[in-house]
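This report refers to the structure that appears directly beneath it.
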Amino acid sequence: MTANALNDETVRTARRRAVVASTVGTSIEWYDFFLYGTASALIFPKLFFPGSSPFVGVLASFTTQFVGFAARPIGAAVFGHFGDRIGRKATLITTLLLMGVATFLIGCLPGYASIGVVAPVLLVVLRILQGIGVGGEWGGSVLLSMEWGQQAKRGFMASMPQLGVPIGLLLSTGVFRLMASVSGDEMTTWGWRVPFLLSVVLIGIGLYVRLRVLESPEFARLRSTDSIVRLPVWEAWRRYPREILCAAFVRMSEQAPFYLFITFVLTYGKHLGLNQDSLLGDTMTAAAVGLVSVPFFGWLSDRIGRKLMYGIGIVATAAYAFPYFGLLDTKVSGLVLLAIVVSLIAHAAQYGPQAALIAESFDPDVRYSA
């Protein structure tokens with residue numbers, strides 16, 4: 001085998017490992033994050049806010065979910081700094097550990113009946129750690145995959161870590177549904193804890209995969225030419241203020257509807273009197289469809305352009321708002337399934353090309369921070 005062939009084979013192997021490591025890692029991170037969302041809708045109001053009315057309990061539970069979102073920019077800034085300073089690989093190992101440990105500890109938390117107000121306080125603290133972890137995870141995982149990819153296939157390559165969302169949603173909803181079936185009336189005592197405790201196993205898998213991956217070639221070039229920026233977060237804001245704000249609004253058009261589609265729908269379904277087990281099954285079906293739709297729209301963006309593909313996704317999501325709730329309000333099982341599945345297809349039209357659309361706006365030396 002020639003040296004060039006050997007080098008080509010080495011690159012292909014490293015590229016596959018980067019894609020697998022990014023996708024496995026994001027799947028685990030989103031499993032942890034979505035698990036909390038499902039529990040917030042179905043378990044936490046009674047467990048951590050038992051003295052409240054049903055409405056106030058749900059509102060308080062979703063407030064603890066909100067703090068995780070508030071913490072995500074902090075995680076993005078902290079881990080973005082280190083990702084541009086010491087590398088994508090080491091930073092992503094840290095975010096995986098942080099997220100996994102926080103999720104495991106949530107599974108160990110006693111409820112309000114045991115330790116009073118300390119229980120929801122600890123829940124909030126661990127939720128903040130989850131938010132910091134996932135805030136640092138997303139940017140690094142898509143960069144690791146995209147920066148190993150070929151220029152003409154960056155939309156598709158960057159969409160592969162995005163599969164972590166449907167995979168994580170599928171896993172978290174599936175395990176939660178399984179435990180609800182197995183534990184029955186004991187779901188609120190011990191059954192809900194098992195999915196959280198299982199995160200330890202997933203951490204082990206994720207670490208094994210990520211420790212075998214090589215650093216991205218673009219960051220390796222920065223290090224070899226001594227081009228590492230000393231304060232990448234500050235430098236990113238100085239050079240790209242407009243692009244960063246645009247990226248935030250681009251994310252908002254996708255993220256806000258998404259959590260209505262996969263978390264609020266469980267509470268809204270309960271309000272309509274829909275069967276919770278069926279709703280979880282519908283969400284799993286929609287997540288399974290996302291395994292195809294997310295990379296498809298990433299691939300399509302390589303052909304028609306990122307901005308056009310993303311614009312189509314925005315219009316589709318906005319246009320679907322009223323039909324979505326109309327289908328749910330029918331309470332007909334087939335139409336409810338259709339509502340949930342189509343909602344995540346519209347979401348995938350944005351989510352597939354999103355990573356490449358944002359990442360390509362910034363230079364490699366501050367790309368993680370930006």
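The values are calculated or read from the model by the stated rules, or taken from the named source; none is laboratory data. Not measured: the values here are computed from a predicted model. Here the Cβ is made from the backbone with ideal geometry for all residues, glycine too, and neighbour counts use every protein chain on show. These area figures cover heavy atoms from the full protein model, side chains too; ligands, DNA and RNA do not enter into them. Shrake-Rupley method; radii C 1.70, N 1.55, O 1.52, S 1.80 Å.
A few points about this structure:
- 1.4 Å probe accessible area per residue over the range 188-278, in Å²: 55 Å²
- If R0 is 22 Å, the Cβ-Cβ spacing of Asn275 and Val67 corresponds to a FRET efficiency of close to 0.15.
- Averaged over residues, the count of other Cβ atoms within 10 Å places the peptides 21-28, 62-69 in the sequence 21-28, 62-69, highest first.
- Sulfur and carbon atoms: percent of accessible area, the chain [1.4 Å]: 71 percent
- Per-residue packing, averaged as other Cβ atoms within 10 Å, sorts the ranges 294-307, 176-189 into the order 294-307, 176-189, beginning with the highest.
- A simple spin-label model places pseudo-atoms 7 Å from Cα toward Cβ; at Arg238 and Ile205 they are separated by 4.4 nm.
- R0 of 22 Å, Cβ-Cβ distance Lys153-Ser224: FRET efficiency to nearest 0.05: 0.35
- Contact order normalised by residue count of the chain, Cα under 8 Å, 6+ apart, percent: 26 percent
- Taking amide H as placed 1.01 Å from N in the peptide plane, Gly111 has no amide H partner under 5 Å among residues 5 or more places away or on another chain.
- Whole-Å semi-axes of the range 285-336's equivalent ellipsoid (Cα gyration tensor): 27, 15, 5
- Relative protection proxy for 339-350, 244-255, from highest mean packing down: 339-350, 244-255 (other beta-carbon atoms within 10 angstrom).
- In Å, descending, principal axis extents of the Cα set of the range 1-111: 72, 26, 21
- Counted residue by residue at 0.36 nm each, then reduced by the alpha carbon distance between them, the extension gain from Val118 to Leu178 reaches 18.7 nm.
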